[in-house]
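Take a look at the structure below.
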6 protein chains.
Amino acid sequence: MMQDERLLVVSAHAADFVWRAGGTIAKYVKNGAQVHLVVLSVGVRGESNDLWKAPDQTAEHVKEIRTAESRKAAGILGVKNIEFWDMEDYPLRFSEKQEEDMVRRIREIRPTAIITHDRRDVLNPDHNAVHEFVFRCSVESNSAGVITPGLKATSQMQLYGFEPHQTELSGYVPGIFVDITESYPQKVEAMECFKAQGHLIEYYKQRAFMRGNHARRLSGRKDCQYAESFARVFPQVASGLA
Amino acid sequence: MMQDERLLVVSAHAADFVWRAGGTIAKYVKNGAQVHLVVLSVGVRGESNDLWKAPDQTAEHVKEIRTAESRKAAGILGVKNIEFWDMEDYPLRFSEKQEEDMVRRIREIRPTAIITHDRRDVLNPDHNAVHEFVFRCSVESNSAGVITPGLKATSQMQLYGFEPHQTELSGYVPGIFVDITESYPQKVEAMECFKAQGHLIEYYKQRAFMRGNHARRLSGRKDCQYAESFARVFPQVASGLA
Amino acid sequence: MMQDERLLVVSAHAADFVWRAGGTIAKYVKNGAQVHLVVLSVGVRGESNDLWKAPDQTAEHVKEIRTAESRKAAGILGVKNIEFWDMEDYPLRFSEKQEEDMVRRIREIRPTAIITHDRRDVLNPDHNAVHEFVFRCSVESNSAGVITPGLKATSQMQLYGFEPHQTELSGYVPGIFVDITESYPQKVEAMECFKAQGHLIEYYKQRAFMRGNHARRLSGRKDCQYAESFARVFPQVASGLA
Amino acid sequence: MMQDERLLVVSAHAADFVWRAGGTIAKYVKNGAQVHLVVLSVGVRGESNDLWKAPDQTAEHVKEIRTAESRKAAGILGVKNIEFWDMEDYPLRFSEKQEEDMVRRIREIRPTAIITHDRRDVLNPDHNAVHEFVFRCSVESNSAGVITPGLKATSQMQLYGFEPHQTELSGYVPGIFVDITESYPQKVEAMECFKAQGHLIEYYKQRAFMRGNHARRLSGRKDCQYAESFARVFPQVASGLA
Amino acid sequence: MMQDERLLVVSAHAADFVWRAGGTIAKYVKNGAQVHLVVLSVGVRGESNDLWKAPDQTAEHVKEIRTAESRKAAGILGVKNIEFWDMEDYPLRFSEKQEEDMVRRIREIRPTAIITHDRRDVLNPDHNAVHEFVFRCSVESNSAGVITPGLKATSQMQLYGFEPHQTELSGYVPGIFVDITESYPQKVEAMECFKAQGHLIEYYKQRAFMRGNHARRLSGRKDCQYAESFARVFPQVASGLA
Amino acid sequence: MMQDERLLVVSAHAADFVWRAGGTIAKYVKNGAQVHLVVLSVGVRGESNDLWKAPDQTAEHVKEIRTAESRKAAGILGVKNIEFWDMEDYPLRFSEKQEEDMVRRIREIRPTAIITHDRRDVLNPDHNAVHEFVFRCSVESNSAGVITPGLKATSQMQLYGFEPHQTELSGYVPGIFVDITESYPQKVEAMECFKAQGHLIEYYKQRAFMRGNHARRLSGRKDCQYAESFARVFPQVASGLA
C-alpha cells in the first residue's frame, strides 16, 4: 500500500525531480506516502540558460529565482520535506562530508525506495556523478560497520533511475512504467514553474503522453493516459510475478 | 491477487518447467491461480542422457518414461492442465500449424503472464527456438487481424524468461525474484521425479538457495529462504513503484 | 547534392514508411532525388486493428482500404515509384524467389541509400524479418557471382534503420538526425491517411518534435524544428568529418 | 601436447580457412595434430568476384578453379583430410540431412577443438549461418539421445570463432592469440593460391603482423612476430590459470 | 608449470581472497608457485556486519578479529607472503602514494598473473575501486618511464577478475574455470575462519559445486568436482589453442 | 566546406594526434580549415619507452626530445596552433583550474568539431581520463551559466574519438571513415619523427591501409587508398542522409 511507502528523491538540480518524476511524486503524496526531496544544487551554472540572458544577471539572483521555483514546484506536487544542499554545479563534486551526510539522511528517512538519476546521461556529467554518489551511499547505509550514532543500518532499498533527456544515446532502458494519469495535471502545473527552461515543458508533456502509450501497449491498461518510466538498478523481489 | 492470475508455462522439454519455475508454479496453484502447462517435447533426443545408458533402450520407451515423469512432477506441483505437444527435439522446429495452434491456445487461456525460455541459452539451441516461437505467437495473439474464429485478440501479457543452466554465458539477467519458500518442498519433490537428469536435482536445489540469498540481500526480506528468478522481456507497468 | 541520390525505401507494412521516414522521403522528392518505395505487405493481419472492429469486416476489404491509404500517403509525399509485393503479414516469410527479386530490384534501382526497418523491434517480429531480408539482399547484390542477366553488381550502399515504436526496449540508437522541418506538413498530411492507426498520428507528430529538440541540442541548428532519426547499419565514409 | 589434438575446421567458402586460420592449421599439422577440414561451399557466387570479370565465365569453371585453389592451399598448410560439401553460397542454407551429416562427422573425428566462423560477420550472412549450424551440431553431438549408429556421443569440445573481415563492426573480440611465427611463411604461400581474392593477401599479411604486435604487447613474448586471433564461444576450463 | 608461476592476489577486504580464489591459491601453493597476498583493508566498516552485533563493539576490536581471521585463513591456504595495507573501507580511496607503492610491489614480485576484483560489483563500490587501481598500477608498471630506482619495468602480465557476489547483475562473465577439486577441502577450512560472514560459507561451497558442474559440462573433464571461475581482463596469448 | 571548419584536437601525449588523426589533420589544414592542437603531456613516463633505454637518461632530456618531435610532426602536418600543457602523465590527473582553462579555450576557438581520445582504451588509463575531461569541458562550454568573462557559451559541437591501439578489446567501433589518401604521405613523414616509438610507424601505416580497405568495401569509393576512422560520441545531425 502506498501509504506505507517512504520515498527519497535525490535531484541533481532544481527542476530534475519535476521533469523526471513529478507525476510519481504527486501520486505518492496524494496516496499517503512520505516523500523526502533533496535538491543538491539549484543549477545556477548548468541549468539556468534562459535566466542568464537577462542583462546584468548575477549568480545570487539566479539562485534565488531557481530556489523559489523549485520550492514552488515541490509545493504543487505536495512535497513537504524538501532540503536544498546548496552545492555548486557544472561540475557537481562530492566531499567525504557529503557522503556521510547522505548516509545519515538515508538512515533517518529509511526510504522504501530511492529515485535519483540513472547510470548515464550522455549530455550531463552532473547526473552521472549523482547516480554514483547515491548508489554508493545507499550501499554504505546498509552496512552495520558504517557507524552513525543513534541510527541503525538499513536494508537494501530499491533504487530507481530517472529518464535522461536523450534516452537512447544514454543507454537508458525503462524498467518500470508508473501510471500518472491521476496526478498528471499537478505535474504540468509544477513544470510551469520553471521559467529558465520553458522549452522543456512541452517536451516533458509529450514524454508523459509517449510513456502512457507505451504503458498501454505493454499491458492493455486502457485507462493509462500518462506515465513516467524509471530504470531499475536492482531487480524486483516479490511474492509473485508482477 | 494471485487467484485472479492465469499463468501459461511453455516448457521446451519434459523437465524444464520444474527446474526453472517449479516453485513459482506450485505457489500459484496453491494460491488459487490457474496454471496451464504446455510441454512441447519430452526431450527424447536432447535431455534424456542417462536413460540412453540402458542397453537396448528405444525412443518409444524413453518417451514413455519421460512423459510419465513429467506428468507426475506436474501433479506434485498441483498443475491440472497439462498438454504434451509431442514434438521431436534436438532440434525443435516449428511449423506454421503449430504457430496457429499456439496463438489459439493463448487466446483461449488468456494468460495474465507467460513463462517460457529466455532469449538465449548458450548450451541449448532448442530453448532459443522456443523463446522466439512463444514471443512471436504472443505478439500475433494481440493483433485483431489474426483471425481465430470464436476467439478474440488478447492484450500484451507479461513474458518471463526461465533461467538457463549457465546464466552468465547466456547473457541472462534476473528481472524479478519470486520468493518460493512456501512451495520449495514441492519443487524438491517434483525434481526428484526425473531419473534421467539426477545430477540436476542438487544443482537446482542450490540454485534456489542462491536466489534466496540474492533476494534477501536485495530487499531485506529476511524470511525469504528460497527463490526463483526470471528475466523480463517487457518492463513492468504498475500503479506505483514496486 | 540530393538530386543525385536514389533512395530505396522498403516498408514492411502499408504505413511504416510514413510514420518512420515520411519527412525524409518528401524532402528527398522535393529536392529532386529519385525515391523508390516497396511495400511488402499492406498489413491486413498485423497492422489494421481498428479496421477489424467493423462488423463483417473481410480481409479483402481491409486490403483494399490499406492499399488505397498507402498509395494516397505515398502520393502526398511525392513518391511516384511505389510497388506492393502483396505478402501476407504476421508473420512475414520470405521465399528464395523474393530474395532473387529484391536483388534484381536493387540492381535496377542502384540506390545510393536504402532505408528499411532496423535490426530489432521488440514488439514486431515482421520488422526484424524485413531487416534481415533487406540486409542479406544488399550484400548479395554487391557480389558479381550472383548473376542477374543484364544487371551488374552494385557497390555497398548505405543502409539506414527506421525507428521502432518503443526505441529503448528495442536497442535502437539514433545514428543520424535528418532535419525535416521543410517537409513536416506533408508528413502530417500523409499520416492522416491511415484510419486504422489513428492513435499513431499524434504519437509520430510528437516524435518529430522530440527528434527536432534532440537535433538542435546536439548541433546548435536553431531552425531545426522537426527531425527524423535513423540507425546506421554501416559507418559513414566521407571526405572529411561530417 | 599438440600431437594429441584433433582439430576440425569448418570453412564457409574455399579460402576462409586460409585467411583466418592458415597459420594455426599449419602449426598444428607440423606439430603432429590431426587436422580435418570441411569446406562447405567453394564460394562461386559470393567470393569469386575477380574470376567473374573474365568474359564468358561460367559457374562450372569458377567452381573448378576455386576447388583447385582451395585444395592447393590446404596442401601447402599440410592438411591431408579435406572434404568439399559442394553447397551453393550466397545464401548458404542448411538441410536437416546436412545437420545429421555434420553431427556424424563430429562424432567420427571427435575433435578436441572446432574452429569456424564467429557469431557475427556484419558483411557476410553466410558466415553467420555457418556459425549457427556448427554450434547447433556440436551441441547435438554431445547428446546421447541423438542416435548415430556405431558412433558415440562426444563431450563438449572448445569452439573458436574466426576473425571476420571488419572486426569492430561485427562485435568480434579476440579471446585467444595464437603465435604463428613458425608457420607464417606457409600461410603466406597458401594465401597466394587465391587469384580471385588477390586484394586480401596483403590485408591478411598485415592482420598477422597486427595480431603479433597485440600478442607481444599483452604478454611480453618478444619473439612472437605473427599471430592469429580467435573468439571463444565457451570459456576455458583448465588445471590452472593460463 | 605451476612452480614457475608467481601469483599476486589483491583483496579489497580480509576475506575476499578466500571466497573468490581460495581454491586456486591453495592449489598454486601446493604445486610450488609463489603466492603473494595483499589485503588492502580488513573491512571493519563494510564487511563485518555480524561482529557489529556484539554490544560495545569497537573498530579496534573488529580490526583485530578480522586481521587474525584473515591471517589464519591465508595460513590454511599455505600463503606465506601476506601484507595488510591497513586502509579504511566503505569507501576505499587510493592516494598517489599507494599507487606508487603498488607499482613498486608489482615490480618486486614480478607476478606472472594478478588476481583481483573484476570490473564491476553491483553491490560493492570498494571492489570496483580496487579493480581500477590494480589495473592502472599494472599498466604503469609496464612503462619504463615510471621510475622506481633499482626496479625494472615489467611486461604485461595476465589480469584475472574475481567473481562478484551477484554475478549477472554485475555483468560478470567467466573467462576461465580452474579445477580446484584437489584443494577444495583447504578452501572450506579457510572459509570457516570468518565468523562475521558465516552466511557466506554455505554460499561459496555451493558456488564451487556449481562451477564444477559448469566446468564438466563445458569440457568433459569428469573428475572436476569443484571449480572457481575468473574473468579475463585481457585475452590469452598462447602457443596453440588451449 | 572544409575551409569553414575549426578543428580542436586534444592529444593526451606527444604523438597520439599523429598516429590517430595525422592524415585528417593534414587534410584539413591543406583545405583551409583552422586546426588547433593541444598536447596535454609529452608522455615522459608513459610513452617514451625506447628513450629510457639510453644510459643516464633524465626526465628533462626525454621531455626536450619528445617536445621537439611533437612540434616537428605538427609542423609537417601543417598545424600552426599548437600548445603544450606540460602535464605529467601515467597518470594524467586534471585540476579544476585545467577544467576552467579548457572551457575557456573551447570558447575562444569555437571548434566545429573536437577530436580526442575515445571512451575507453583498455591499455591506457590516461586516454580514458582525457576523454572524460574533454567531454565534460565541452558540455560545460555549452552552458551560459558557466561564466568566462568576454567569452560566450558555445553550442554542442561534434566530438570524435581516436582509435585506441587495440580496438576490439577497448570496445571501439568506427563511426566514420575519413579518406586520407591525399594527405597520407604527410602522415607517414610526421610519424617518422617519433624515435621512441619506432615500432608504431609500421603499425599505423598498416592501420591506414586497413581502414582504406574498409572504407572502399563499405562505400564503393574505389580511389580511397588510405583512411582514418573515428568513433562518434554524438550522432550526426544533417540536412539529409549522408
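The values are calculated or read from the model by the stated rules, or taken from the named source; none is laboratory data. Since the structure is predicted, the reported quantities are computational estimates derived from the model, not experimental observations. A quick note on method: Cβ atoms are made from the backbone with ideal geometry, for glycine too, and the neighbour counts reach across all protein chains shown. We work out accessible area using only protein heavy atoms, side chains counted, and drop any ligands, DNA or RNA first. Shrake-Rupley method; radii C 1.70, N 1.55, O 1.52, S 1.80 Å.
Annotations for the structure displayed:
- Some residue of region F:147-165 being touching a residue at least 40 places away in the same chain (Cβ under 8 Å), among the acidic types (D, E), within 14 Å of chain C (Cβ to nearest Cβ) and closer than 21 Å to D:H214 by Cα: yes
- The strands (runs of 3 or more DSSP E) found wholly in region F:144-242 include none carrying at least 2 residues that are charged (D, E, K, R), at pLDDT below 95 and within 25 Å of C:Q158 (Cβ to Cβ).
- For the criterion of being within 14 Å of chain D (Cβ to nearest Cβ) and modelled with pLDDT of 95 or more, C:V139 passes.
Every residue, every condition in (1) under 17 Å from B:C193 (Cβ atoms); (2) not in a loop (DSSP other than H, G, I, E, B), yes or no:
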| site | (1), (2) |
| --- | --- |
| B:G23 | yes, yes |
| B:A26 | yes, yes |
| B:L37 | yes, yes |
| B:R45 | no, no |
| B:W52 | no, yes |
| B:E60 | no, yes |
| B:R66 | yes, yes |
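- Any hit, region F:93-107, residues being modelled with pLDDT of 95 or more, in contact with a Lys or Arg (Cβ under 8 Å, 6 or more places away or on another chain) and open to solvent by 20 Å² or more (accessible area, probe 1.4 Å): no
- Test: E:G32 is within 14 Å of chain A (Cβ to nearest Cβ), over 20 Å from E:V188 (Cβ atoms) and either part of a loop (DSSP other than H, G, I, E, B) or β-branched (V, I, T) (or both): no
- In this structure, D:G75 does not qualify as in contact with a helix residue (DSSP H, G or I) (Cβ under 6 Å, 6 or more places away or on another chain) and either away from chain C (no Cβ under 14 Å) or open to solvent by 30 Å² or more (accessible area, probe 1.4 Å) (or both).
- Residues satisfying the stated conditions in region D:181-200, i.e. surrounded by fewer than 17 Cβ atoms within 10 Å (Cβ to Cβ) and either of a type in the set (S, T, N, Q) or away from chain E (no Cβ under 14 Å) (or both): D:P185, D:E189, D:E192, D:K195, D:G198, D:H199
- Qualifying residue in region A:115-136 (condition: in a helix (DSSP H, G or I), closer than 19 Å to E:G46 by Cβ, β-branched (V, I, T) and in contact (Cβ under 8 Å) with a residue 40 or more places away in the chain): yes
- Selection of region E:20-36 for residues being surrounded by fewer than 24 Cβ atoms within 10 Å (Cβ to Cβ) and at negative phi yields E:V29, E:K30, E:N31, E:A33, E:Q34, E:H36.
- Only listed residue being in contact (Cβ under 8 Å) with a residue 24 or more places away in the chain, out of contact with any strand residue (DSSP E or B) (no Cβ under 7 Å at 6 or more places or on another chain) and open to solvent by less than 30 Å² (accessible area, probe 1.4 Å), chosen from E:E88, E:E69: E:E69
- Pairs are defined by a Cβ separation below 8 Å, a sequence spacing of at least 6 or placement on different chains, a first member in region A:201-214 that is more than 7 Å from chain C (Cβ to nearest Cβ) and touching a residue at least 60 places away in the same chain (Cβ under 8 Å), and a second member that is of a type in the set (A, V, I, L, M) and open to solvent by less than 10 Å² (accessible area, probe 1.4 Å); the pairs so defined are A:Y204/A:M191; A:A208/A:I180; A:A208/A:A227.
- Inside region A:154-180, residues that are aliphatic (A, V, I, L, M), touching a helix residue (DSSP H, G or I) at 6+ places or on another chain (Cβ under 9 Å) and either under 14 Å from A:R105 (Cβ atoms) or open to solvent by less than 10 Å² (accessible area, probe 1.4 Å) (or both) make up a count of 4.
- Residue match in region F:6-17 (condition: without any contact (Cβ under 8 Å) to a residue 60 or more places away in the chain and not aromatic (F, W, Y)): no
- If the condition is being closer than 30 Å to A:H214 by Cβ and open to solvent by 10 Å² or more (accessible area, probe 1.4 Å), then region B:201-220 contributes only B:S219.
- Here region F:223-237 is the region considered, the condition is being of a type in the set (A, V, I, L, M) and more than 7 Å from chain C (Cβ to nearest Cβ), and the residue that is surrounded by the most Cβ atoms within 10 Å (Cβ to Cβ) is F:A227.
- Of E:V42, E:V10, all but one fail to be out of contact with any His (no Cβ under 6 Å at 6 or more places or on another chain), within 14 Å of chain A (Cβ to nearest Cβ) and buried (at least 24 other Cβ atoms within 10 Å of the Cβ); the exception is E:V42.
- You will find that of B:G240, B:G175, B:G220, the residue that is within 17 Å of the chain's Cα centre (by Cα) and within 8 Å of chain A (Cβ to nearest Cβ) is B:G175 and no other.
- Candidate set: region F:108-138, residues that are basic (K, R) and touching a strand residue (DSSP E or B) at 6+ places or on another chain (Cβ under 8 Å); chosen: the one most open to solvent (accessible area, probe 1.4 Å): F:R119
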